[in-house]
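Have a look at the structure below, then the notes.
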Amino acid sequence: MDADDLRRAMEYYAEQGWTDGLPVVPVTESYLAEFLATTSRDPSAVVIPMPHLNRNLTVRLAALNAALAGCKPEYFPVVLAAWDAFLADGMVSRAIWQSTTGTAPFVVVHGPVRTRIGLNCRGNLFGSGFRPNATIGRAIRLGAINAFGLRPHVLDQATQGTPAKYSCCIGENEEDSPWPGLHADNGFAAGDSAVTATVIRSVLHIEARHTMVPEQLAHDLADTVCRTGALVRPTASVFVVLNPEHARLLDKAGWSKRDLTQAIFERGTKTYRQLAAAGKEAIAAGTGWRLPADHPDAIPQEAPADPDTPVRLLSDPTAVRVVVAGAPNAGVSSVVETFGRPTGPPAIAKVETHSP
Amino acid sequence: MLERAGIPAVSICTDAFKITAAAMAMSLGFPGYEYVTVPHPIASRTGQELVEMARAVVPEVLRILGVDH
């Protein structure tokens, strides 16, 4: 086989629509077998059922799309755990990837598997440059396209989508964090490898190099968490991806992750006047979405006597999930706007180990 | 889904979703399934405009249902 054959194979895959637009890796049965050998699960076992589309994502299809995406076989247990977490999160099964909102898969990897496969959890976290991050996230996206048929302009009706749809997979920087990882906060052992997954609308940049005061940092984060542009449901739901420098600042002041989520919750308000200025002061009957009080679908409500009365835009502190990641080199963090499980524990699945 | 349960039904969607509607029908084993389209959008129209749009498609809905009128 020469380079022309390889190029012809890649062109063939593109012509079939088996891609996100970038070239995919041609997959043979023997190469696929290497992926399937990393799990004890039966290739025909269903990982994600999608009855309303008459489709299922099987272990074999998950492996095939991981291979197409450019994963190495040893990444596949992480891809499978990510799919398990998406099933637990629930929104994928509720057809969220067909929605005009245009959400992307968001995958956070915890535990020793990060270092074993070289998954980036430090500098340029959301950027390019690292094969596990680039291809594990892409494996989920290609699974959506090829196993469920969720192609843009057809079953994927995203109005604009997000660049995160190419890949959005990060590792938690447990080594530089003063706190236990998100998986350890949620019943897993710190030494377990696990994956958190949900669907997201955007990753927003927080520039906060100016302060050593925990309350000011919490305020800066809360302002972004509660921006009106993102409010479709009555309340917000986010991941705060805190760089290790911010985490250490808080830790030094005696703050735990819970203290941070509580502080963001307490500051997570806008006044009735601010909400009304954007026409999002009321809630619709039926959808539960925000809209103006004079809209015919609005649930009747009394406007407060004082229009500067604060309105809570976080239902409780668990609507904010904290992950520590990125380089410990500047006060730069991010708010990830999710559209998955709104509150309570995030969806996390253990990475299964298997020796053939 | 209603028709599978033996209940005659007509789907209505806006013209922005024609391709998706056809793809969903194909996925569910009804290639060529007939549905009614109305102009996009819905969310930013007044109640009166919506009533007029609904009136305008009644004959088409009845035609697909096979009702004489």
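The values are calculated or read from the model by the stated rules, or taken from the named source; none is laboratory data. Quick caveat, the model's predicted, so the values are computed rather than measured. In this analysis, Cβ positions are derived from the backbone assuming ideal geometry, glycine residues included, and neighbour counts consider all displayed protein chains.
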(message) Can you find, within the stretch B:55-69, the residue that is nearest to the chain's Cα centre (by Cα) among those that are over 13 Å from residue B:34 (Cβ atoms) and at pLDDT below 90?
(response) B:67
(request) Kindly indicate the residue of the stretch A:88-109 that is among the hydroxyl-bearing types (Ser, Thr, Tyr) and within 14 Å of chain B (Cβ to nearest Cβ) and also farthest from residue A:342 (Cα to Cα) among those meeting that condition. (result) A:100
(message) One residue is enough: does the stretch A:130-151 have a residue meeting the conditions more than 14 Å from chain B (Cβ to nearest Cβ) and not in a helix (DSSP H, G or I)?
(response) yes
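Could you pull out the residue among B:67, B:51, B:38 that is surrounded by 14 or more Cβ atoms within 10 Å (Cβ to Cβ) and either within 11 Å of chain A (Cβ to nearest Cβ) or free of Cβ contacts under 8 Å to residues at least 60 places away in the same chain (or both)? Give the steps one after another, and end with the answer.
Values: B:67 fails: surrounded by 14 or more Cβ atoms within 10 Å (Cβ to Cβ); B:51 fails: surrounded by 14 or more Cβ atoms within 10 Å (Cβ to Cβ).
None of the others qualify; the one that does is B:38.
Out of the residues in the stretch A:314-326 that are of a type outside the set (Val, Ile, Thr) and touching a strand residue (DSSP E or B) at 6+ places or on another chain (Cβ under 6 Å), state the one that is farthest from residue A:275 (Cα to Cα).
Taking the stretch A:314-326 and keeping what is of a type outside the set (Val, Ile, Thr), we get A:314-317, A:319, A:321, A:325-326.
Then keep just the ones that are touching a strand residue (DSSP E or B) at 6+ places or on another chain (Cβ under 6 Å); that gives A:321, A:325.
Working: A:321: 24, A:325: 32 Å.
Restricting to residues being of a type outside the set (Val, Ile, Thr) and touching a strand residue (DSSP E or B) at 6+ places or on another chain (Cβ under 6 Å), the top hit is A:325.
How many residues, within the stretch A:45-55, are without any contact (Cβ under 8 Å) to a residue 24 or more places away in the chain and either over 15 Å from residue A:83 (Cβ atoms) or facing another protein chain (nearest Cβ under 10 Å) (or both)? Break it down into steps so the answer makes sense when it comes.
Our first condition is that a residue be without any contact (Cβ under 8 Å) to a residue 24 or more places away in the chain; within the stretch A:45-55, this holds for A:45-46, A:51, A:54.
Applying the additional criterion that residues be either over 15 Å from residue A:83 (Cβ atoms) or facing another protein chain (nearest Cβ under 10 Å) (or both) yields A:51, A:54.
Residues meeting the conditions: 2.
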(request) Go through the stretch A:152-184 and give me each residue that's away from chain B (no Cβ under 14 Å), surrounded by 17 or more Cβ atoms within 10 Å (Cβ to Cβ) and not in a loop (DSSP other than H, G, I, E, B). (result) A:164, A:165, A:169, A:170, A:171, A:182, A:183, A:184
(request) Please indicate, with yes or no, whether at least one residue in the stretch A:173-183 is under 17 Å from the mean Cα position of the chain (by Cα) and free of Cβ contacts under 8 Å to residues at least 40 places away in the same chain. (result) no
(request) Could you tell me which residue of the stretch B:1-35 is farthest from the other protein chains (Cβ to nearest Cβ), considering only residues that are in contact with a Leu (Cβ under 7 Å, 6 or more places away or on another chain) and not in a helix (DSSP H, G or I)? (result) B:8
(request) Find the residue count for the stretch A:56-95, including only residues that are more than 18 Å from residue A:134 (Cα to Cα), crowded, with 20+ Cβ neighbours inside 10 Å, over 15 Å from the mean Cα position of the chain (by Cα) and in contact (Cβ under 8 Å) with a residue 60 or more places away in the chain. (result) 2
(request) Would you mind stating whether residue B:24 is touching a strand residue (DSSP E or B) at 6+ places or on another chain (Cβ under 9 Å) and either aliphatic (A, V, I, L, M) or modelled with pLDDT under 90 (or both)? (result) no
